[in-house]
Amino acid sequence: MNRRLISIFILLALLNLYFLHKSEVLMVLRKKHTLSTSPSSSSAPRQCTSRLLFTSSIKGRLGNVMGEYATLWGLGRAFNVSVLLHPDMEKELLRIFPDLSMERLPASCKSGWTRLDKTYTFPPQKQGLFESAAAGLLGPGKFMLGDNPVKVHLFHPFREDLLRELTFSPSLKKQANDILTSVKNRMKMKSQEITFVGVHIRRTDYIEYIKKYNTTIPSRGYYVRAMQYYREKYSRPIFIMASDDPAYCKRTFKAFKDVVLIHGNREMDMATIAACNHSIISVGSFSFWCGYLSGGEVVYPKKSYSLKYLLSPDNVRESHLDFFTPLDE
């Protein structure tokens, strides 16, 4: 009897040791799994350890920031390099374009960036500074794009995907469509009878700024000819006009019965012009995006520039913007 009890005690002790060991093993395994899947311990470092990594800070207003995002996004697509959305850029753009897909720059990855701008010394190459960095010619590192880039040749080959990135928020789209519907109802015209042409006129500080290119902003004559161009192509065009100088537009185009002047905030003006069938643009990156997002034909001013410029006819042609039509003043 005693021997039988002793055997039972020994068996129970062995079982107890077995289950204790098993529970400790499970705890270790669970702890390892938790550490391996924790965002704070793995995702942030992995985002920052790429051999080549790019981001872009922001400088300027909406049009410039959009150009910086599109250039960074296009660089990632063209060269298959890692690109991250800077918090400042996210703050500026995400409320307008909620479908941005770029990975966010984690807080642990904010330092140690090399800025790629005109201060960076690098031997001249056939390709630009951004492209040289993305191709690995500057070696491994973390690079921040500078100088307000709008490199159309980098993002335009992927235009359909980029337009999905730069989709306006539902509230902005609704407001833009409400404006066009209101104009249609006011003029008592059916939708199929109207061709909406968005017009953006850039003035104010750009009058002085563009002198650095030894040129001037487009004159009244350019817009008059551009509107006549569309009147000859379509039977019932309605021109939806927005500007940073609405007083000039009201004074200059008040005699045109087919011109409707709108004046909202920047994103509202852009969303409304982008909702039109075609567009007439001025100079500057904001005007460029008004046309680029509209989807139809874009008439732009044919001007000469002493320096390389976003909307110079040569740059438009080299970027294969086939839906952009140059028009003399």
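Values computed for the structure shown
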item: Theoretical gain in end-to-end length, residue 108 to residue 80 [0.36 nm per residue, Cα-Cα removed]; result: 7.8 nm
item: For residue 115, distant residues with modelled amide H under 5 Å away; result: 144
item: Potential extension, residue 228-residue 216 segment - 0.36 nm per residue separation minus Cα distance; result: 2.1 nm
item: Charge-dipole axis of the range 201-298 as Lys and Arg at +1 and Asp and Glu at -1 on Cβ define it, positive-most pick from 270, 294, 227; result: 227
item: Label-reachable residues, the range 281-308, where backbone N falls under 19 Å from a point 7 Å from residue 153's Cα toward its Cβ; result: 305-308
item: Difference of contour (0.36 nm per residue) and Cα-Cα distance, residue 186 to residue 209; result: 4.5 nm
item: Rounded FRET efficiency, nearest 0.05, which uses the C-beta distance separating residue 307 from residue 256 and R0 of 35 Å; result: 0.55
item: For the range 169-327, size of Cβ-based charge dipole, Lys and Arg +1, Asp and Glu -1, in debye; result: 520
item: Positive minus negative residues near residue 312 (Lys, Arg vs Asp, Glu; Cβ under 11 Å); result: +2
item: Estimated FRET transfer efficiency when R0 is 51 angstrom, pair residue 193-residue 95 (beta carbons, to 0.05); result: 0.90
item: Rough spin-label spacing in nm, given labels placed 7 Å along Cα→Cβ, for residue 59 and residue 144; result: 1.1
item: Inter-label distance, nm, simple model (7 Å from Cα along the C-beta direction), residue 122/residue 328; result: 4.0
item: Entries in 211/250; 59/110; 233/308; 184/302; 118/151; 250/302 that, when Cα-Cα distance is taken, lie over 21 Å; result: 211/250; 233/308; 184/302; 250/302
item: Modelled FRET efficiency - R0 25 Å, residue 173 with residue 315, Cβ distances, 0.05 increments; result: 0.25
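Read-outs: derived from the displayed coordinates by stated rules, not from any lab. The structure presented is a predicted model; accordingly, all values stated were derived computationally and were not measured. Neighbour counts are summed over all protein chains in view; Cβ atoms, including those assigned to glycine, are modelled from backbone coordinates with ideal geometry.
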